[in-house]
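First the structure, in the form of structure tokens, and then the observations on it.
A short reminder: the numbers here are calculations on the coordinates, not readings from a lab. From a predicted model like this one, the values you see are computed outputs, not experimental measurements. Methodologically, a virtual Cβ is constructed for each residue, glycine included, from the backbone with ideal geometry; neighbour enumeration extends over all protein chains shown.
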Amino acid sequence: MTESDDNEELIEWKKFLKGDDRAFVYFYKKYIDILFSYGMCFTADRELVKDCIQELFVNMYCHRSKLNSTNHVKFYLFRALKNVLINAFCKGPHFDSLDVVSISYSTDYTIEDKLIEDEQDQVRKENIIHVLELLTSHQKEAIYYRYVEELSLDEISVMMNMNYQSIRNLLQRAIKKMRSTFSDRNFSVKISIEKDSRYL
């Protein structure tokens, strides 16, 4: 997202908080599909994800006067949806403990698409997917936030309910594992983990 896009979002968010229904529609249309893809990373229940997104937007609309300003709308929406999903899981018939807050992250396409991009070599695609399978659920989630959604480490800390240093360590271990396996298999990766890892 460009700086102009960020500025537009912040302007629309302020309008929304002041009661502008057009601004509400703006965010709904812009993020409905993104939020659905994100929600499906935590469960295969499509209807549950749709219900949670609906609940999120209804709550936003009804309580807009109580919402805070934000510098990153996507982060706000992701965090809110994850909380709604956790609450839904807690109410489910198979809920036994608060361990549900560590809901498992998995994805069939989001991270793979970011890594592969326009890669046409099927063998390389399969190799990348194999490497991702070696990561833990938490490592995948952190990689997704950092490289697909481009959240900051502070934002990832909030999303995953972990402290800043733990997130740094988690990403470093994931990058090290990916880089090692990529090197062993001798193929390129369409993601700037080398540059970014120096700042972790």
Q: Only residues of region 25-64 count here: report those whose backbone N is under 14 Å from the spot 7 Å along Cα→Cβ of Asn87, or say none.
A: 51-64
**Q.** Over region 3-96: Kirkwood hydrodynamic radius from C-alpha pairwise inverse distances, Å
**A.** 13.9 Å
Q) Mind listing the phi-derived Karplus ³J(HN,Hα) values for region 160-175, rounded to whole Hz, using 6.51, -1.76 and 1.60 with θ = phi - 60°, and x for any glycine or proline? A) 9, 6, 10, 6, 4, 5, 5, 5, 4, 5, 4, 5, 4, 5, 5, 5
Q.
Only counting other Cβ atoms within 10 Å, I'd like Ile53, Ile34 sorted with the fewest neighbours first.
A. Ile34, Ile53
